[in-house]
Structure formats: structure tokens, C-alpha cells
Amino acid sequence: MKYTTIPNTDIKVSKINLGTMTFGQQNTEAEGHAQMDYALERGVNFFDTAEMYSIPASKETYGSTEKIIGTWFKKSGKREDVVLATKIAGPNDNFGYMREKIDFSPASLKYALDNSLQRLQTDYVDIYQLHWPERKTNCFGQRGLKIQDDAWEDNIHEVLQTMEGFIKEGKIKHVGLSNENPWGIMRFLEENKYNNLPRIKTIQNPYSLLNRLFENASVEVCMRENVGLLAYSPMAFGVLSGKFLSGEKHPNSRLNLFPQYTRYSSEQSTKAARMYQEIANKHGLNFAQMSLAFVNQQPFVTSTIIGATTMEQLKENIDSINITLSDEVIADINAVHAVIPDPAP
């Protein structure tokens, strides 16, 4: 395994992060425990979860992933071996079952964190993340920003004051963002600079061969301000493994089980994936591992969040850390990107 340090901390984390959103729906508790055992054995010491997991979110499965991680901590006694990140969900009209108000008010932040800690069976989390902004903004591939009717009032100072209280209580160590844009990153950093409130250490955004939008503006912010990217969906729901390109049926795949996630199955995404697969074949590389290696070796990526439903997939994904793509491979990848840029925003 290769390791790095979360920016502006002394926390050493594996370049591969174990994503857990399948635990509790696509994976049973026993399978989740086996994945965590194996990942830790392979040197993966960084796990990511969220209060809303498993995915897709529902009242019936709310908190199921955190509960599975919690029972593993209790059984294994290895909480101190793991750097743990979780998230509080932002506003969504469909999430009323989570708490009275789905916002980032002090009361909501406290309620969500305390319940996550209870499910996780731990006294603290290492990184507590805001899953997406409260304000209206372009996340999850939205285009054409419309903020004229946005009733949001800037409460970022109050959010970070609340987080500061959690840090002083020992409930969290650091604060992170997710699905955030450059304005939001800088606004949070501004509170640290001028008011000495907790500094944002990480941002968890999508980044893959099919979605390199992070490079357009956020990457400059993060590299100049020293904020680490935790890259999620690096395999584009498995599309970048090539398994959907042969015409073979995969009834238990995320794309088949959850057809509402359409961005990775568009005509342009499929066309680009075929072109990237041809690059892997040309250079004698495993397509899935090439896709992950591309993300792993980006200088602005602190850790790549992988997710697997089988142990075979998990092993293959972790093994990507041993691959370094040559300049020739990168040039071929960039040539495809120039023709079909970001088909799955």
C-alpha cells in the first residue's frame, strides 16, 4: 500500500479508501465485515461512510452502513487502526425520515453526529463531512445555475463554530466537504483565515476518466490552498471496468439494480469507455486497474474511494495501487478526453 497525509494534519492514510455505501443493501453485514478485514490486511486504513447509506437511500436502510461498521469495530476491536470519515446529509425533500430538519443548523449537526457515533459504536470520527451544500448550487451534474429563488442565508460561520465545539468535545478531529464547488471551498477557508475557525482539510467529489470536471477550477483551489481530494466514483459505477461493454448481463450490478443513476450509461459515456478500454488493451493493462491508477497518481488526490460488492472486485481494485501509468498511456487517455470530455458529470 502507498500512504499520504491528510493536508494540514499528521494523519497518515492509505491512497486507497474503502467506500462502504453498499453495506446493508448490496452487501450483507458478514460481507461488509469480510471486506473491512481484507482491506485492513492489505494496508487500507481509511474508511468512508455516511449517515444516509446504504445507497440508494431509503427509510428502511437509513444508517445501515454505519451500523455494520459499528458491529465490526465492536467485534474486531480495531477502531484505532482505522481513519474514519462520515457525512451529514444536506437538504433533500425526500429525507424527512432522517431528522426534523434536513439542514446544517447546530441542532441538526448535533443530532446527526450523535446518531452516527451511536451507530458506528465509536466516540469520535476523524473527518466529519457535509455531504452536499445547503445552498442551491451545481452539484451532481446539474447545469445552468439558478439562484434567484434561493432562500439560503450564509450560515457557514455558524456551521464551523458548531464543528469547533465538536472538536473541543473530542467527537470529531477534522472537517471536510463533499460535492462542493470552488466558491464553497473558498468560503469555508475564508472563515479559517479571518476568524480562526476549523480549517477544511478534505473535499470528497467525483473524479474519474468519465468525469474530470474537478480539474476545471476546483483543482487549482485545492492545490493552492492545500485541501485534499477524496475522489469518489473512480470506476463510474463499474463502467470503467469494461463489464458493461460486452453485452453480458450483470443483474446484481448497481447500474442494473438502480437504473435511476443514468449518467454513466449514456451513449457518450459508453463510447468514451470503449475508447479507454482500447487504451488498456493496447498497453496490456487491466482496464479497471488502469482507470483507478489514473486517479491514484493525480497529485491533488489524497485518497481514491473504491467500492466493491465482491471480494474479487475488492482485490482487483486494491491492487491498482501497484500500477503507475506511463507518459504514453496518459497521453492516450488525454487524447480521448479531448474528443469526449466529461461525458458523465
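What to note about this one:
- Those residues of the range 193-208 which are in contact with a strand residue (DSSP E or B) (Cβ under 8 Å, 6 or more places away or on another chain) and open to solvent by less than 40 Å² (accessible area, probe 1.4 Å), in sequence order: P198, I200, K201, T202, I203, Q204, N205, P206, Y207, S208
- Members of the range 20-60 that are among the aromatic types (F, W, Y) and open to solvent by 30 Å² or more (accessible area, probe 1.4 Å): Y38
- Exactly one residue out of K201, K243 is touching a helix residue (DSSP H, G or I) at 6+ places or on another chain (Cβ under 9 Å) and basic (K, R): that is K243.
Per-residue answers, yes or no, for (1) modelled with pLDDT of 95 or more; (2) in a loop (DSSP other than H, G, I, E, B); (3) not aliphatic (A, V, I, L, M):
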| site | (1), (2), (3) |
| --- | --- |
| F104 | yes, yes, yes |
| S116 | yes, no, yes |
| I127 | yes, no, no |
| T137 | no, yes, yes |
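- Cβ-Cβ under 6 Å pairs, at least 6 apart or on other chains, the range 118-134 side within 13 Å of I185 (Cα to Cα), far side open to solvent by 10 Å² or more (accessible area, probe 1.4 Å) and assigned to a strand (DSSP E or B): none
- A50 vs. criteria under 21 Å from V159 (Cα atoms), modelled with pLDDT of 95 or more and not in a loop (DSSP other than H, G, I, E, B): no
- Enumeration of residues in the range 71-90 that are open to solvent by less than 50 Å² (accessible area, probe 1.4 Å) and assigned to a helix (DSSP H, G or I): T71, W72, F73, S76, R79
- Candidates E158, E190, filtered to the one that is open to solvent by 30 Å² or more (accessible area, probe 1.4 Å), part of a helix (DSSP H, G or I) and closer than 22 Å to A85 by Cα: E158
- Flag for N17 being closer than 23 Å to E180 by Cα and open to solvent by less than 10 Å² (accessible area, probe 1.4 Å): yes
- Selected residue (criterion: most open to solvent (accessible area, probe 1.4 Å)) from residues of the range 287-345 that are of a type in the set (S, T, N, Q) and in a helix (DSSP H, G or I): N322
The values are calculated or read from the model by the stated rules, or taken from the named source; none is laboratory data. Bear in mind the structure is a predicted one, so any value in this text is a computation, not a measurement. Positions of Cβ are backbone-derived with ideal geometry, glycine not excepted, and every protein chain shown enters the neighbour counts. Heavy atoms of the whole protein, side chains included, go into the accessibility calculation; ligands, DNA and RNA do not. Shrake-Rupley method; radii C 1.70, N 1.55, O 1.52, S 1.80 Å.
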